[in-house]
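Notes for the one structure printed next.
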Amino acid sequence: MQTSIIGYPRVGALRELKFASENYFKGEISIDELHQTGANLRAAHWKIQQENGIDYIPSNDFSFYDGLLDTACLFNIIPGRYQALGLSSLETYFAMARGYQGAQGDVKALAMKKWFNTNYHYMVPEITDSTSIRLAGTKLFDELLEAKQQDIVTKPVVIGPFTLLKLAKYTGVKQANDFVHDAAEAYAATLEQLNELGAAWVQLEEPALVTDLSPEDIALFTQLYDRILSAKGNVKVLVQTYFGDIRDCYPTLQALPFDGIGIDFIEGKQSLELVKQYGFSDDKVLFAGLVNGKNIWKNQYKRTLGVLQELSAHVKHIVLSSSCSLLHVPYTLQHETKLSDASKRYLAFAEEKLQEFAHLKVIGAQADPYAAIRYLQNEELFSSARFTNNEAVQAKAAALTEADFTRLPAFSERETIQKARFNLPLLPTTTIGSFPQTAEVRANRFAFKKGEISEEQYKQFNFEKIAACIARQEEIGLDVLVHGEFERNDMVEYFGESLDGFMFTEKAWVQSYGTRCVKPPIVWGDISRSKPMTVEYSAYAKSLTNKPLKGMLTGPVTILNWSFPREDISLKDSAFQIALAIRDEVLDLEANQIEIIQIDEAALREKLPLRKSDWQSEYLSWAIPAFRLVHSGVQAETQIHTHMCYSQFSDIIRDIDAMDADVITFEASRSDLAIIDVINECGFQTEVGPGVYDIHSPRIPSVEEIKLGLNRMLEKIDIAKLWVNPDCGLKTRGDKETWASLEQLVQAAKEVRATL
Ligand code: GLN
Ligand code: ZN
């Protein structure tokens, strides 16, 4: 049995790439040093895959920021405003990724979006009418040769043309179809070059194939590949899909002269059925995604072997593959010093997944795989209890009734009551919660974690930060204040650590975007809350100000979506358990005079199934109720806010309104304001705070540009419903740009108010 990895994580087991990049951005290391870090990581990742006997090792899965941005650059999709900066190619690349403000000019970053149903973000390629798509870069080839020099044969990987054209944003009149010819030629040229370099395989990633496809999409795909595949020569072409099944194009892929088709048998609900129904061509190789690239639980060999066996009745050539890139899981259990061996037994991060491939290879080679020692050990693990139950929580969840999901009185009545209570100016200003997690804030937390300072000292520092933050917010004139979240390393991890049922890692980082990584907790068992988690800091902040203070919580859907979920109970059951715990916190905050409570659902949109037919049945039917369960117990005068990162929710706008929050803030500055039209048209009742500037970049917005945005919003949104805020929390920013930006924001709100 042969094995294949779709992609390997790239930031480094100890986030070496993140630190090197950040140091490079700060001017502390040279570009050569940054390149060296990249080369070291690539070499290490290839080597460990080789050691585990992986037959198809990817190259070009490495990236300094994002794989789709790499693909855009490879094919010359670089908007003129970045080219005009006259920077080196890597600096131009970083300008597209992060924006640029300096001697050469002032440009915003490209838009950023969530990569399908993951928490990874890609940079949206921008195609103008004058974009000339052609093979212009060399990274794909360079990394193939680099591996070759290390005696490692790799399978170069690159995002395919269909997904590229589908995910790109078109700023002129031309659309995807107008670029088919150029894109096909560019990929054909790529195959020709790979041929010359002697590559055996190339992996073209087409995750867009697992979404709902129209006949036009299929035609677009076919047109592209008819041309591209004619150029393959001796290079074998693997069309790699992941994150779902390919029910709309399975026969199309079979009919085209691909040499390999990569199919996800973890998230692809219909994958197995498709193979059984249509068969699988003898002259193609099936790359069967059976080792979960998204979750951290050990592979159950029984299931994997079972599916392989079923497949083998229909497929001649099978390669065992990861279900998607391992980018979405942490590196290794090796640096986890605090997890017990008893719990580590159940887990597999990227390195351990490589071992699973090695084990499965050995098992598969036995005359009786089911008698292999590795198999028996694995089965023993899955047949013994993991001790995860909490009967009290289960009983509470079982007793829920409709009333627990309904907040009274209705929205409009609450709105009147709250306007009278808070008496805020029009266009009230606020922030999303966090303030910069500066080096001293992190140092304080680390010192406490390492036992170098007492809990008293640790908290004292946070209290001082809160006091300073409140004073400064008052000084610059914000209307609704926050405590600043200095005690939180991460909006999910913080709650996970305070709740029972979660498990924590020390180094299990996963890339979220660019240099930003997150460390998702693991839902280990039933979830419960044993004590208040946020009341002390929020109440302290409230004691310092007469302005309304917004308490900050993370909602159940986001906690679940940004954790590694259990696989032994349903997502719905886990979500309701978490919701019950957060509900207790909401009621405690309210009892402690916190009049406004924000329950972040930053990640609600993220796990929306990729296919529309699954939206309600698989997701919204429990996700929206889980949110309602959290806040339905508060008084009419308590104002509930929620926040969502990204504004790509026009298609579920009614569900968002049905969350029944009083105010929702969301990102809007990096995407066009299309969402505003939808809000206007659908009679959205919830008050809204579309972000007026981008916090993902250090750039300071001007008063004029904020005013421009606000005035555009006011054309569509009732002024009584509009809030003014940045588009997300400020934790990743520095102090200087944060306060400067917020001053501009308050000033812009004042100037717009003055014109009313
Ligand atoms: N309240 C959180 C913060 O400000 C929200 C973060 C987020 O939406 N990602 O950091
Ligand atoms: Zn956000």
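FYI, it's all coordinate maths here, none of it is from the lab. None of these values were measured; they are calculated from a predicted model. FYI the Cβ positions are ideal-geometry reconstructions off the backbone, even for glycines, and counts take in every protein chain you see.
For this structure, a couple of remarks:
- Close amide-amide hydrogen proximity is noted between Arg15 and no other residue 5 or more places distant or on a separate chain, at a cut-off under 5 Å (H modeled in the peptide plane; Pro and chain starts excluded).
- Lys531, Lys113, Lys155, Lys26 arranged by Cβ crowding within 10 Å, fewest neighbours leading: Lys26, Lys531, Lys113, Lys155
- Amide H to amide H, with H built 1.01 Å from N, Gly160 comes under 5 Å of Glu205, Glu206, counting only residues 5 or more places away or on other chains.
- Summed residue charge, Cβ within 14 Å of Ala95's Cβ, Lys/Arg positive, Asp/Glu negative: 0
- Put simply, the stretch 391-754 fits an ellipsoid with semi-axes of 28, 26, 20 Å; these come from the alpha carbon gyration tensor as the roots of five times its eigenvalues, largest first.
- Counted residue by residue at 0.36 nm each, then reduced by the alpha carbon distance between them, the extension gain from Thr138 to Gln635 reaches 172.8 nm.
- Extending 7 Å from the Cα toward the beta-carbon at both Val173 and Ala447 defines two label points whose distance is 6.4 nm.
- Estimated Rh, the stretch 471-597: Kirkwood, alpha-carbon pairs, angstrom: 15.7
- With the highest mean first, a sort of the peptides 5-17, 229-241 on other beta-carbon atoms found within 10 angstrom per residue produces 5-17, 229-241.
- Potential lengthening between Ser343 and Ser702 on full extension [0.36 nm per residue; Cα-Cα distance subtracted]: 124.1 nm
- Computed over every Cα-Cα pair of the chain and binned at 20 Å starting from 0, the pair-distance distribution P(r) comes out as 16, 50, 31, 3, 0 percent.
- Subset of Lys169/Lys607; Lys148/Lys361; Lys294/Lys531; Lys519/Lys542 violating a 27 Å alpha-carbon distance limit: Lys294/Lys531; Lys519/Lys542
- Computed FRET value (nearest 0.05) for Glu715 with Ser130, which takes r as the C-beta separation and R₀ as 30 Å: 0.50
- Inter-label distance for Asp500 and Ser312, nm, one decimal - labels placed 7 Å from Cα along Cα-to-Cβ: 4.7
- Cα-projected label distance for Lys736 with Tyr278, points at 7 Å along beta-carbon direction, nm: 5.7
- Amide H contacts for Leu347 (H built 1.01 Å from N in the peptide plane; partners 5 or more residues away or on another chain; cut-off under 5 Å): Lys298.
- Using alpha-carbon coordinates, inclination of helix 411-422 to the longest axis of the chain, degrees: 50
- Least to most buried among Ser650, Ser271 (fewest other Cβ within 10 Å first): Ser650, Ser271
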